[in-house]
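This report refers to the structure that appears directly beneath it.
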Amino acid sequence: MFLRISDGLSIDNLNNYPVEVVSQLEKLLASGVEARLDPNRKNFYDVKDLGRGFFIHASPRSGNVMLLATWPMEVALAECGAGT
């Protein structure tokens, strides 16, 4: 599914992740990103960007996003253009 939240986007950084990480998520959501809906929880999503994954909750009432977890991801050499 494609997820885009631009109007009044507010990200609650519950675990005090670095500002750079929150900014990365904010840019992804504002421009739109492919997201995987959690099959066990409504309005919870996995979002991935090059080098980083995010687990978020997007409130349908307030539009706020809670950043619940983030982790570094390995980037395949072909994805980043290395080795060509």
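What follows is calculated from the coordinates using simple rules that are stated; it is not laboratory data. These numbers were taken from a predicted model, which means no experiment stands behind them. Here the Cβ is made from the backbone with ideal geometry for all residues, glycine too, and neighbour counts use every protein chain on show.
A straight chain from ASN15 to TRP71 at 0.36 nm per residue would run longer than the Cα-Cα distance by 18.9 nm. Exposure here means at most 14 other Cβ atoms within 10 Å; with trypsin sites (Lys or Arg not before Pro) in a DSSP loop as sites, the longest stretch of the chain lacking them is 5-40.
Placing a label point 7 Å from the Cα of ASN64 along the Cα-to-Cβ direction, the residues of region 1-40 whose backbone N falls under 13 Å from that point are 9-15.
Ordering ASN13, LEU50, GLN24 by Cα displacement along the dipole of the chain toward the positive end leaves ASN13 in first place; charges were set at the Cβ atoms of Lys, Arg (+1) and Asp, Glu (-1). Summing +1 for each Lys or Arg and -1 for each Asp or Glu among the other residues whose beta-carbon sits under 13 angstrom from that of GLU34 gives +1. Shape class of region 2-74 from the Cα gyration tensor (axes a ≥ b ≥ c, square roots of the eigenvalues): rounded, since a/c falls below 1.5. Ordered by the count of other Cβ atoms within 10 Å of each Cβ, fewest first, LEU50, LEU9 give LEU50, LEU9.
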